[in-house]
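Q: Sharing a structure here in structure tokens format.
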Amino acid sequence: MSEPIVKIRGLKKNFGSLQVLKGIDMDIDQGQIFALIGASGSGKSTLLRTINQLEEVTEGEIWFDGELVNQKLPHRQREAHLNRLRQNIGMVFQHFNLFPHLTAIENVTMAPLMLGRVNKAEAIEQAKKLLDKVGLSDRGDYYPSKLSGGQKQRVAIARSLAMNPKLMLFDEVTSALDPELVGEVNRVMKALAEEDMTMIIVTHDLRFAEDVSDHVIFMADGLVVEEGPPSLVFRAPQEDRTKSFLQQVFND
Amino acid sequence: MGLDFSILPAYADILWKGTLWTIALTVLSMFFSLAGGVVFAVLQLNRHAIIRWPVAGFAWLFMGTPLLLQLFLIYFGLVQIGLDLNAFVAGVIALSLHFAVYNSEIIRSAIVAVDKGQYEAARSLGLSQFQAMRKAIVPQAVANVTPALGNMMIALLKESALVSVIGVMELTLSAQRAISDSFRPFEFYIAAGAIYYVLNLGLEQAVRVAERRSAQYR
Ligand SMILES: Nc1ncnc2c1ncn2[C@@H]1O[C@H](COP(=O)(O)OP(=O)(O)OP(=O)(O)O)[C@@H](O)[C@H]1O
Ligand SMILES: [Mg+2]
């Protein structure tokens, strides 16, 4: 067995006196699709955001690709370490966070160009391929304001993929979308999953979680309450809290 | 002695040169005040107080005192410590600093108003703090306040007349020279006023174009 690409040990996170993560352990292997579910406020986003250090860790360890993510370093070195790390971890947000002053294609080429990965022609060629992959080859010159929510989110996915990440983090990426636009984004994620991308998907869309993931984690109050393959967690949950959560969500 | 504008053509040359100096003074000061405005704005948002405070103190000083005084200080005052600037350079520096401070206040609040998700998105792609600022945050912030910055630049054009007092042969001083030669203050002040007005119209057009371009993504 090779090392897991993400390894989390005893992860705790406080916001002031509020403890939001209370000791999380997790192993994610290369190519695995994790779905992270749980009630609002259970700490899903926080957990995701500690992995690429948008949130600092209070206690515990996060390992990514054999490297300790939250190592103590002097400020400058820590910044360099984070920049390097984040280039390998894509993140997609609930509210897209596309750069509104840049066209779709400029959104996608920005980071690779800025970080000197490629020259301009290569960046554009790659961006066109990625926009094609998310079904938006004809929208490259559009500003985000001229795109639908579903299109924006697909551009945001393409933007993350442009850095060739080894891990993709999705934080409720369809929650802000009109219901009829959810499918197009889910399809893109599904396709990505089938290409062996390693993914952690925070979602309230349990049907999609069941469909796409190969490991489900149910969180409550900053702890992992239950985890396992979707067939078990969704169809035969062991814990009472999981059962009542699923009942509540599926009854809605 | 009534108004007689037929006197003007004889002084066209000096007025023309004055106009060019005013344009040079304004354009250079505009450039530096905008660039300086961005730099001051970003420095004022630095996480180290040791960087924030001097900039804030400097801004406070420049907002709290008259431009004329600043001009005198830079032109006459700096000589005392061995910095003998030519009047034009002193004028550009004074106007640039003075307006940079005002621009930086506008830009700083615009930077703060940019959604924090923009910064997170940029950082999560692996951009450094500086790169995220430069490519994601500042361009949006500046685009969002183009109208306010445009008004500052129009004010700058008008305030550039002040530099005449340290002997820069810009439009106002050129008009005065023509007046002391011809004894026709009314005609020349009106002529200079008309030229300022035309320059202002041109600048307003440019500002409008900039506004439209910066808003095209909306
Ligand atoms: N920056 C912050 N400062 C203080 N408290 C925070 C911060 N971010 C999150 N929290 C708190 O941490 C807890 C967990 O938040 P988190 O966003 O991780 O939950 P979540 O599971 O993603 O919820 P949701 O499903 O609503 O997105 C909440 O109580 C929230 O109020
Ligand atoms: Mg969340």
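Q: Which of A:Phe234, A:Leu21, A:Asn119 sits farthest toward the positive end of the charge dipole of chain A, with +1 on the Cβ of Lys and Arg and -1 on the Cβ of Asp and Glu?
A: A:Asn119
Q: Related question: Could the peptides B:14-21, A:102-109 be put in order, highest first, of the mean number of other beta-carbon atoms found within 10 Å of their residues?
A: Output ranking for B:14-21, A:102-109: A:102-109, B:14-21.
Q: Considering every Cα-Cα pair within segment A:122-195, what fraction, in whole percent, is farther apart than 15 Å?
A: Every Cα pair in segment A:122-195 considered, those over 15 Å come to 52 percent.
Q: Residues of segment B:26-168: accessible area per residue at 1.4 Å, in Å²?
A: Value returned for segment B:26-168: 46 Å² of accessible area per residue.
Q: Also, I was wondering about something else. Can you give me the Rg/Rh ratio for segment B:109-174, using Cα atoms for both radii and the Kirkwood formula for Rh?
A: Radius of gyration over Kirkwood radius for segment B:109-174 works out to 1.30.
Q: Still on this structure, I have one more. Tell me, what is the 1.4 Å probe accessible area of B:Arg208, in Å² to the nearest 10?
A: For B:Arg208, the solvent-accessible surface is approximately 120 Å².
Q: Please calculate how many Å² of accessible area segment A:78-154 carries per residue, with a 1.4 Å probe and no DNA, RNA or ligand atoms counted.
A: 42
Q: Taking N as the number of residues in chain A, what is its alpha-carbon radius of gyration divided by 2.2 N^0.38 Å?
A: Ratio of Rg to 2.2 N^0.38 Å for chain A: 1.01.
Q: Hey, if you put +1 on the Cβ of every Lys and Arg and -1 on every Asp and Glu Cβ in segment B:73-218, which of B:Leu156, B:Ala194, B:Ile137 ends up farthest toward the positive end of that dipole?
A: Value computed over the given set: B:Ile137.
Q: Placing unit charges on C-beta atoms (Lys and Arg positive, Asp and Glu negative, everything else neutral), compute the dipole magnitude of chain B about its Cα centre in debye, rounded to 20.
A: 940
Q: Just checking the output field for B:112-121: average partner chain Cβ neighbours within 10 Å of each residue's Cβ?
A: The per-residue average across the peptide is 4.
Q: Over 21 Å between Cα atoms: which of A:Lys44/A:Lys72; A:Lys13/A:Lys152; A:Lys7/A:Lys129; A:Lys133/B:Lys116; A:Lys44/B:Lys135; A:Lys7/A:Lys72 fall into that group?
A: A:Lys44/A:Lys72; A:Lys13/A:Lys152; A:Lys7/A:Lys129; A:Lys133/B:Lys116; A:Lys44/B:Lys135
Q: Please provide three numbers in whole Å: the alpha-carbon extents of the protein assembly as shown along the principal axes, with the largest listed first.
A: That works out to 105, 48, 41 Å along the principal axes.
Q: Just to be sure I understand: of the beta bridges DSSP finds with both ends in the protein assembly as shown, what percent are antiparallel, rounded to 5?
A: Taking every DSSP beta bridge with both residues in the protein assembly as shown, the antiparallel ones total about 55 percent.
Q: Let me ask you something else. State to the nearest 20 debye the size of the charge dipole of the protein assembly as shown about its Cα centre, where the only charges are +1 on K and R beta carbons and -1 on D and E beta carbons.
A: 820
Q: If you build the Cα gyration tensor of segment A:8-61 and take the root of 5 times each eigenvalue, what three semi-axes come out, in whole angstrom, biggest first?
A: Whole-Å semi-axes of the equivalent ellipsoid: 19, 13, 10.
Q: Let me ask something additional. Give the value in nm², to one decimal: projected area of the alpha carbon convex hull of segment A:128-252, averaged over all directions.
A: It is 8.6 nm².
Q: Taking the Cα centre of each part, how many Å lie between segment B:79-111 and segment B:25-63?
A: Cα centres, segment B:79-111 to segment B:25-63: 9 Å.
Q: Follow-up question, since we're still on this one. For A:Ala193, what is the net charge nearby, where nearby means another residue's Cβ is under 11 Å from its Cβ and Lys, Arg count +1, Asp, Glu -1?
A: Charge balance near A:Ala193 sits at -3.
Q: Of A:Phe64, A:Leu85, A:Ile51, which is farthest on the positive side of the dipole of segment A:45-87, counting Cα position, with +1 on Lys and Arg Cβ, -1 on Asp and Glu Cβ, and the Cα centre as origin?
A: Sorting the options by dipole projection puts first A:Leu85.
Q: For peptide A:139-145, compute the average count of partner chain beta-carbon atoms within 10 Å of each residue's beta-carbon.
A: Taking all residues of A:139-145 together, the mean is 1.
Q: For segment B:62-189, count all C-alpha to C-alpha pairs, find those more than 21 Å apart, and express that count as a whole percent of the total.
A: That tail contains 57 percent of the Cα-Cα pairs.
Q: For a quick protection proxy, order the peptides A:127-135, A:66-74 by their average other-Cβ count within 10 Å, most packed first.
A: The peptides rank, most packed first, as A:127-135, A:66-74.
The values are calculated or read from the model by the stated rules, or taken from the named source; none is laboratory data. Worth saying up front: this structure is predicted, and the values here are computed from it rather than measured. When we count neighbours, we look across all protein chains shown, and the Cβ atoms used for this are built from the backbone with ideal geometry, even at glycine. Surface accessibility is based on the protein's heavy atoms, side chains included, excluding ligands, DNA and RNA. Shrake-Rupley method; radii C 1.70, N 1.55, O 1.52, S 1.80 Å.
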